[in-house]
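Step one of this worksheet: look at the structure below.
The values are calculated or read from the model by the stated rules, or taken from the named source; none is laboratory data. What you are looking at is a predicted structure, and each value in this text was computed from that prediction instead of being measured. Quick reminder, even Gly has a Cβ in these numbers, built from the backbone with ideal geometry, and neighbours come from all protein chains shown. Heads up: the accessible areas ignore ligands, DNA and RNA and are worked out on the full protein's heavy atoms, side chains in. Shrake-Rupley method; radii C 1.70, N 1.55, O 1.52, S 1.80 Å.
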Amino acid sequence: MRKPFIAGNWKMNKVVEQATSYADTLTELVKKEGIDHDKVDIAICAPYLFLSALKVIFLLRGIDVGAQNLHYEDEGAFTGEISAKMLHDIRVECCIIGHSERRKYNGETSEECAKKVKAAIMYDIRPILCVGETLEERESGNHLEVVKKMLLESLHNVTGAEMVKTVVAYEPLWAIGTGKTATTEQAQEMAAYIRSVIAEKYGKDVADRVIIQYGGSVKSSNIKELMEQEDIDGALVGGASLDPEEFIKIIKYDPDIVCKNVKMIPINRNK
Ligand code: PEP
């Protein structure tokens with residue numbers, strides 16, 4: 001049984017006061033709505049600057065804190081970088097790796113992503129590895145091939161045990177921040193394909209345990225339909241995660257996620 005995982009990606013948004021007031025509001029909403037932490041994992045992936053403050057507010061509230069990138073070396077002459085070791089030091093639980101915006105604007109390669117995935121796992125940080133195709137690649141019918149190549153290169157040297165801990169986010173580039181969501185059929189087709197590629201490399205037992213998220217203009221009005229797809233286990237949410245009122249609606253996409261006895265201590269992801 002794969003546990004749903006809804007993660008927000010704030011990208012480069014907010015200042016400290018907005019970040020902490022959002023965190024207070026989301027914490028209250030999660031409590032008020034009675035979100036059952038045994039049924040859904042929640043994370044906010046925020047700019048580095050806010051991570052420590054978010055950790056304090058979200059502590060024991062069932063909301064994980066994530067970064068949006070990391071460096072695979074522990075330390076050294078890498079000006080401006082933050083390592084997995086440093087994120088672990090402040091107990092960051094997850095980290096986006098290989099987001100298409102980083103691949104595009106920062107020249108991040110799949111080879112580097114593979115090193116980042118391994119570094120994250122070494123420091124007990126859950127990697128959210130992003131893969132996806134451009135509109136041209138989809139329109140030319142190469143989307144499956146493109147995603148397979150990106151996925152396998154980004155998993156170079158990643159073992160089966162590490163794969164189980166890795167979340168894969170399928171994010172078609174043409175759906176990110178455009179308001180244009182992939183159809184549920186397109187999203188399911190690719191999620192199932194990603195699982196089959198993982199199964200080919202690591203075996204079905206591993207593939208069946210990997211959490212696959214969909215990302216690309218997810219909002220409260222389309223989350224339910226996406227989550228009903230067999231191979232979609234979660235969502236990576238950009239724009240719609242910036243408003244806590246909208247984000248909580250996404251988190252409780254299924255009435256079953258709400259319980260009467262509110263649990264303050266979350267954790268076990270592996271059920
Ligand atoms: C993202 O940033 O990963 C993303 C999917 O953005 P949006 O939800 O805004 O399309």
Exercise. Looking only at the stretch 154-170, decide whether some residue is within 15 Å of the ligand (Cβ to nearest atom), buried (at least 16 other Cβ atoms within 10 Å of the Cβ) and within 18 Å of residue 135 (Cα to Cα).
Key: yes
Exercise. Go through the stretch 53-87 and count every residue that is aliphatic (A, V, I, L, M), outside any helix (DSSP H, G or I) and exposed (fewer than 14 other Cβ atoms within 10 Å of the Cβ).
Key: 3
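Over 17 Å from residue 45 (Cα atoms) and either more than 11 Å from the ligand (Cβ to nearest atom) or in contact with a helix residue (DSSP H, G or I) (Cβ under 9 Å, 6 or more places away or on another chain) (or both): is that true of residue 256 in this structure?
On the way: over 17 Å from residue 45 (Cα atoms): yes; either more than 11 Å from the ligand (Cβ to nearest atom) or in contact with a helix residue (DSSP H, G or I) (Cβ under 9 Å, 6 or more places away or on another chain) (or both): yes.
Yes.
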Quiz item: Out of all the residues in the stretch 114-135, which are touching a Gly at 6+ places or on another chain (Cβ under 9 Å), among the aliphatic types (A, V, I, L, M) and within 15 Å of the ligand (Cβ to nearest atom)?
Solution: 128, 129, 131
Quiz item: Which of (1) in contact (Cβ under 8 Å) with a residue 12 or more places away in the chain; (2) out of contact with any strand residue (DSSP E or B) (no Cβ under 8 Å at 6 or more places or on another chain); (3) more than 16 Å from the ligand (Cβ to nearest atom); (4) open to solvent by less than 60 Å² (accessible area, probe 1.4 Å) does residue 47 not meet, given it meets every other one?
Solution: (3)
Quiz item: Hey, among the residues in the stretch 88-113 that are more than 16 Å from the ligand (Cβ to nearest atom) and in a loop (DSSP other than H, G, I, E, B), which one's surrounded by the fewest Cβ atoms within 10 Å (Cβ to Cβ)?
Solution: 107
Practice problem: Would you check which residues across the stretch 7-51 are β-branched (Val, Ile, Thr) and at positive phi and list them? | Solution: none
Quiz item: How many residues are of a type in the set (D, E, K, R) and assigned to a helix (DSSP H, G or I) when one looks only at the stretch 2-52?
Solution: 5
Quiz prompt | Any chance residue 116 is in a helix (DSSP H, G or I), at pLDDT 95 or above and surrounded by 18 or more Cβ atoms within 10 Å (Cβ to Cβ) | solution = yes
Self-check item: Residue list for the stretch 23-40, restricted to those being under 17 Å from residue 240 (Cα atoms) and open to solvent by less than 10 Å² (accessible area, probe 1.4 Å)
Solution: 23, 26, 30
Quiz item: Can you name the number of the only condition in (1) hydrophobic (A, V, I, L, M, F, W, C); (2) more than 16 Å from the ligand (Cβ to nearest atom); (3) modelled with pLDDT of 95 or more that residue 12 fails?
Solution: (2)
Exercise. Filter the stretch 179-220 for residues that are within 14 Å of the ligand (Cβ to nearest atom) and open to solvent by 20 Å² or more (accessible area, probe 1.4 Å) and give the result.
Key: 179, 180, 181, 217, 219, 220
Quiz item: Within the stretch 119-137, how many residues turn out to be out of contact with any Phe, Trp or Tyr (no Cβ under 9 Å at 6 or more places or on another chain), over 27 Å from residue 178 (Cα atoms) and crowded, with 24+ Cβ neighbours inside 10 Å?
Solution: 1
Quiz prompt | Condition broken by residue 141, with the remaining ones in (1) more than 16 Å from the ligand (Cβ to nearest atom); (2) on the phi < 0 side of the Ramachandran plot satisfied | solution = (2)
Exercise. Starting from the stretch 119-140, take each residue that is over 16 Å from residue 90 (Cβ atoms) and list its partners that are among the aromatic types (Phe, Trp, Tyr), counting only C-beta distances under 7 angstrom and pairs at least six apart or across chains.
Key: 131/170; 132/170; 134/174; 135/174; 138/174
